[in-house]
Amino acid sequence: MPVFFAQTLEEMASQDDLLGRSGLEFLHDMMAGKISAAPIAGALNFAMTEIADGEVTFEGTPQLHCTNPMRGVHGGWYGALLDSVMGCAVMTRMARGQVYTTLEYKVNLTRAIKVGQKVQAKGFINHVGRSTATAHGDIRGIEDGRLYATGTTTCLIMDPKAG
């Protein structure tokens, strides 16, 4: 079953879907199309392509609606892609009942991505503790292998049922 992006709140994964699986199980089920992927990924034209413990890969292609007034791909597109891939790397380490949220992230753009250019983003875990996790990631061109951006993140780990 292919990945699908929720178009309504009702199509999104429920809290039971999220908390009843480990983060790694949740991501595998998302990639298999058993539960919906995040709507932002569909809107910005990127999707998860590989998942492993502590590592996640996305591929994406920015379109015209992702540009700034100077006709360049908006920095927010790079940021959304890196926030997603780094956060999903953290998600691979969440136990059943745990969730995370981004506390902060930093993005460094090293060169311009062109509209229609296919890129690959990879996220990697650095550290997972009791209450925080850190990860890093990069965006590279699929055809040229060149580095287009790097990022780092710190995420807060939470147990929503703990109150």
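What follows draws every value from the coordinates through simple rules; no lab data is involved. All of these numbers come straight from a predicted model, not from anything done at the bench. With ideal geometry, Cβ positions are generated from the backbone for all residues, glycine too; neighbour counts draw on all protein chains shown.
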Exercise for review: Kindly establish whether Ala43 is of a type outside the set (Val, Ile, Thr) and exposed (fewer than 15 other Cβ atoms within 10 Å of the Cβ).
Suggested key: yes
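Let's see how each residue does on (1) of a type in the set (A, V, I, L, M); (2) surrounded by fewer than 16 Cβ atoms within 10 Å (Cβ to Cβ):
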residue	(1), (2)
Val73	yes, no
Val90	yes, no
Ala95	yes, yes
Thr101	no, yes
Glu104	no, yes
Asn126	no, yes
Thr134	no, no
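Quick check on my filter: what residues within region 137-156 are surrounded by fewer than 19 Cβ atoms within 10 Å (Cβ to Cβ), closer than 27 Å to Arg96 by Cα and either β-branched (Val, Ile, Thr) or within 14 Å of the chain's Cα centre (by Cα) (or both)? Please lay out each step first, then the result.
Of all residues in region 137-156, those surrounded by fewer than 19 Cβ atoms within 10 Å (Cβ to Cβ) come to 140-147, 150, 152, 154, 156.
Filter again for closer than 27 Å to Arg96 by Cα, leaving 152, 154, 156.
Once the filter is applied, which keeps residues that are surrounded by fewer than 19 Cβ atoms within 10 Å (Cβ to Cβ), closer than 27 Å to Arg96 by Cα and either β-branched (Val, Ile, Thr) or within 14 Å of the chain's Cα centre (by Cα) (or both), region 137-156 yields Thr152, Thr154.
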Review point. For Phe4, which of the numbered conditions (1) surrounded by fewer than 20 Cβ atoms within 10 Å (Cβ to Cβ); (2) in contact with a helix residue (DSSP H, G or I) (Cβ under 7 Å, 6 or more places away or on another chain); (3) free of Cβ contacts under 8 Å to residues at least 40 places away in the same chain fails to hold?
Key: (2)
Check your understanding: Any idea which of (1) over 18 Å from Cys155 (Cβ atoms); (2) in contact with a Leu (Cβ under 7 Å, 6 or more places away or on another chain); (3) surrounded by fewer than 16 Cβ atoms within 10 Å (Cβ to Cβ) is the one Asp53 doesn't satisfy?
Key -> (1)
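In this structure, does Arg130 turn out to be out of contact with any Lys or Arg (no Cβ under 9 Å at 6 or more places or on another chain), exposed (fewer than 15 other Cβ atoms within 10 Å of the Cβ) and at positive phi? Explain how you work it out, then say what you get.
Details: out of contact with any Lys or Arg (no Cβ under 9 Å at 6 or more places or on another chain): yes; exposed (fewer than 15 other Cβ atoms within 10 Å of the Cβ): yes; at positive phi: no.
Against the criterion (out of contact with any Lys or Arg (no Cβ under 9 Å at 6 or more places or on another chain), exposed (fewer than 15 other Cβ atoms within 10 Å of the Cβ) and at positive phi), Arg130 does not qualify.
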Study note, to complete from the structure: Just one listed residue, out of Met12, Met30, Met48, is more than 12 Å from Cys88 (Cα to Cα), surrounded by 16 or more Cβ atoms within 10 Å (Cβ to Cβ) and of a type in the set (A, V, I, L, M), and it is Met12
